[in-house]
Amino acid sequence: MSKRKSVRKVNTGQIHAPNSWVVVSAMKVKEIRAMRKLAAEDDYDAFEGGLKMLADHLLDWNWVDDEDNPLPLPKNDPSVIDELTSAESEFLANLLMGEDKAEKN
């Protein structure tokens with residue numbers, strides 16, 4: 001019997017630190033639909049909505065800050081997202097959307 005891959009651990013050494021990884025859960029179609037409906041509203045901030053979705057789907061990681069201190073998970077401390085580089089946040093967003101390029105680099 002096949003097993004669904006809705007949670008996966010991904011090596012992130014190419015974008016973060018050597019031997020780094022993240023564990024993400026896949027977005028469901030209903031979540032994407034809800035985001036698209038919200039995006040149609042005038043006062044919806046798609047960037048902030050995407051960051052919240054990222055925090056909701058990032059289950060675990062071993063990422064560190066510039067001084068090699070462990071970063072808390074965004075679900076425990078949403079302000080940690082402010083410390084990510086634009087490349088790191090883009091990489092994570094691509095993972096959530098299931099884009100293969102995130103893992104092929």
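Where a number appears in this text, it was derived from the coordinates with a stated rule and is not lab data. Model, not experiment: these values are computed from the prediction. Backbone-built Cβ (ideal geometry, glycine too); neighbour counts: all protein chains shown.
Remarks
- Value of relative contact order over the chain, rounded to a whole percent, pairs C-alpha under 8 Å and six or more apart: 27
- For the chain, built as a Gaussian network whose Cα springs stay under 10 Å, the top-fluctuating residue of Leu84, Leu54, Leu95: Leu84
- Charge tally for Gly50 (other residues, Cβ to Cβ under 13 Å; Lys, Arg +1; Asp, Glu -1): -3.
- Shape category assigned to the range 7-104 from the gyration tensor of Cα positions, a/c cut at 1.5: prolate
- Proximal charge balance of Lys30 [Cβ under 15 Å; K/R count +1, D/E count -1]: +2
- Taking Lys and Arg as +1 and Asp and Glu as -1, the other residues whose beta-carbon sits under 15 Å from that of Asp60 total +1.
- Seen through its C-alpha gyration tensor, with square-root eigenvalues sorted a ≥ b ≥ c, the range 1-46 comes out oblate because a/c lies at 1.5 or above while a/b is not bigger than b/c.
- Gain upon complete extension [Asp56, Asp43; 0.36 nm per residue less C-alpha separation]: 2.5 nm
- Modelled spin labels at Glu83 and Ser2, positioned 7 Å past Cα toward Cβ, are 4.0 nm from each other.
- Estimated 222 nm signal from helices in the chain, with DSSP H stretches of n ≥ 4 weighted -39500 (n - 2.57), rounded to 500: -10500 deg cm²/dmol
- Annotation: amide H-H contacts under 5 Å for Trp61 (H modelled 1.01 Å from N, sequence separation of 5 or more, or interchain): Val23.
- Rounded to the nearest Hz, the phi-derived 3J(HN,Hα) couplings of the range 40-47 under the Karplus curve 6.51 cos²θ - 1.76 cosθ + 1.60 (θ = phi - 60°) are 6, 7, 4, 9, 7, 9, 4, 4, where x marks glycine and proline.
- Lys pairs, the chain - Cα-Cα below 19 angstrom, 8 or more residues apart or on other chains: 15
- Legend: ranking of residues Met97, Met35, Met1 from fewest to most surrounding C-beta atoms inside 10 Å; resulting order Met1, Met97, Met35.
- Among the GluC sites (Glu not before Pro) within the range 20-105, those in coil by DSSP and having at most 12 neighbouring Cβ atoms inside 10 Å are Glu41, Glu67, Glu99.
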